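The values are calculated or read from the model by the stated rules, or taken from the named source; none is laboratory data. In this text, all values refer to a predicted model and were calculated from it rather than measured experimentally. A quick note on method: Cβ atoms are made from the backbone with ideal geometry, for glycine too, and the neighbour counts reach across all protein chains shown.
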Amino acid sequence: MPRSILPGDLNRREFLKTLGLTALAPTTMGFSSSSITKLPIVISTWSSGLKANPVAWNILQNDGWALDAVEAGVRVVEDDPEDMSVGYGGLPDRDGHVTLDACIMDHEGNCGAVAFLQHIRHPISVARRVMEKTPHVMLVGEGALRFALSEGFPKENLLTEKAREAYQRWLRDSHYKPSVRPTHDTIGLLAMDRQGRICGACTTSGLAFKMHGRVGDSPIIGAGLYVDNAIGAATATGHGEEMIRCAGSAMIVEQMRQGRSPQEACENLIKRLYDWRKNRLEGRQVCFIALNRQGQTGAFSLRPGFEYTLSTPEGGHRLINAPSLLDK
């Protein structure tokens, strides 16, 4: 018997139509492995990739697994107290607590995530343990913390003096409005190894001075990160609520499945999101990077200012300004 559509159910056909995806002509699923050349490849969001990509690259150059590479790469940024949008040193929520979100996904569709995690420096590694040691995809809050402690992760105070001072200034001057830092606010990293395995990781401390308990797109598979090894992968950065609304990373992979290049897929989704939400996007940034099975990459943002880091055998580690839909 067909399932009835209950009030509030998402009508997938109408949602895809809203985003303009039904106009895409179907193509063959995936790409021939013979077309893959010039591996490995690493692509990540923002200039923080200049620290993360070389670590991931060293693993891949030694014929390592892309999953190990993406985890090790973003851990470098989680460790950096000067990066106040990820891990240790991340800016707190409006109650003064540093809360972290992360997810990881491998080439076989295995994935793990943690959200609203406190006191643990490396949420990406906890997310991987969730993937590998539990029957679940996501753990949150106190449960995620208990699991991390049971796995031997040390409990730490993640609020640095620099972040505490920024919080104190915000308390004096702000009207309790969360903010995204204009030059970075998450690291998402995608890699394809010499065996053609694509994996991805995404980790953040979220919007600075957000409401306590807020979770953005970064730990949500399909919003902040999505990997389909037959097609490619995508990851997001910016105002997470917008990526959640459009299931952004999964939608980009679906567009690549239907024949668009990574660049075309990123551009098309942001254009569709803008057409759909333009009256609600004032002051918001939305950015994506993508990688397909052929080794092609793409990056696009709603507003200027988004940079990404690309590492290839020919080009080394390069920081690149992404094109944007709007000019301000």
Could you look through the stretch 36-83, keep only residues that are outside any loop (DSSP other than H, G, I, E, B), more than 16 Å from the chain's Cα centre (by Cα) and among the polar types (S, T, N, Q), and pick out the one that is nearest to PRO304 (Cα to Cα)?
ASN58
Could you say whether any residue in the stretch 311-321 is within 19 Å of the chain's Cα centre (by Cα), of a type in the set (A, V, I, L, M, F, W, C) and not in a helix (DSSP H, G or I)?
yes
Within the stretch 84-129, residues being part of a loop (DSSP other than H, G, I, E, B) and charged (D, E, K, R) number 6
List every residue pair whose Cβ atoms lie under 6 Å apart, where the two residues are 6 or more positions apart in sequence or sit on different chains, the first residue falls within the stretch 207-225 and is among the aromatic types (Phe, Trp, Tyr), and the second residue, located anywhere, is not in a loop (DSSP other than H, G, I, E, B).
PHE209/TRP170
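Here is a yes/no grid of residues against (1) among the acidic types (Asp, Glu); (2) surrounded by fewer than 22 Cβ atoms within 10 Å (Cβ to Cβ); (3) farther than 26 Å from LEU207 by Cβ; (4) in contact with a Leu (Cβ under 7 Å, 6 or more places away or on another chain):
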position: PRO54; (1), (2), (3), (4): no, yes, yes, no
position: ASN58; (1), (2), (3), (4): no, yes, yes, no
position: GLN61; (1), (2), (3), (4): no, yes, yes, no
position: GLY64; (1), (2), (3), (4): no, yes, yes, no
position: GLU71; (1), (2), (3), (4): yes, no, no, no
position: VAL77; (1), (2), (3), (4): no, no, no, no
position: ASP80; (1), (2), (3), (4): yes, yes, no, no
position: ASP83; (1), (2), (3), (4): yes, no, no, no
What are the residues in the stretch 177-196 that are more than 22 Å from GLY141 (Cβ to Cβ) and either at pLDDT below 90 or surrounded by fewer than 20 Cβ atoms within 10 Å (Cβ to Cβ) (or both), if any?
LYS177, SER179, VAL180, ARG181, PRO182, THR183, HIS184, ARG194, GLN195, GLY196
Scanning the stretch 230-278 residue by residue, the ones that are closer than 17 Å to ALA322 by Cα and of a type in the set (A, V, I, L, M) total 6
Could you pull out every one of the strands (runs of 3 or more DSSP E) wholly within the stretch 190-287 that has 1 or more residues that are touching an Asp or Glu at 6+ places or on another chain (Cβ under 9 Å) and of a type in the set (D, E, K, R)?
225-228
Under the condition of being in contact with a helix residue (DSSP H, G or I) (Cβ under 9 Å, 6 or more places away or on another chain) and small (Gly, Ala, Ser), which residue from the stretch 265-315 is nearest to ALA52 (Cα to Cα)?
SER311
Report every pair of residues separated by at least 6 positions or lying on different chains whose Cβ atoms are under 7 Å apart, first residue within the stretch 146-161 and within 12 Å of ARG121 (Cα to Cα) and free of Cβ contacts under 8 Å to residues at least 60 places away in the same chain, second β-branched (Val, Ile, Thr) and not in a loop (DSSP other than H, G, I, E, B).
ALA148/VAL126; PHE153/VAL126
How many of the residues in the stretch 281-295 are surrounded by fewer than 24 Cβ atoms within 10 Å (Cβ to Cβ) and either under 19 Å from LEU319 (Cβ atoms) or of a type in the set (A, V, I, L, M, F, W, C) (or both)?
2
May I ask you to say which residue of SER218, SER261, SER205 is surrounded by fewer than 24 Cβ atoms within 10 Å (Cβ to Cβ), hydroxyl-bearing (Ser, Thr, Tyr) and at pLDDT 95 or above?
SER261
Can you spot a residue in the stretch 303-314 that is surrounded by 20 or more Cβ atoms within 10 Å (Cβ to Cβ) and at positive phi?
no
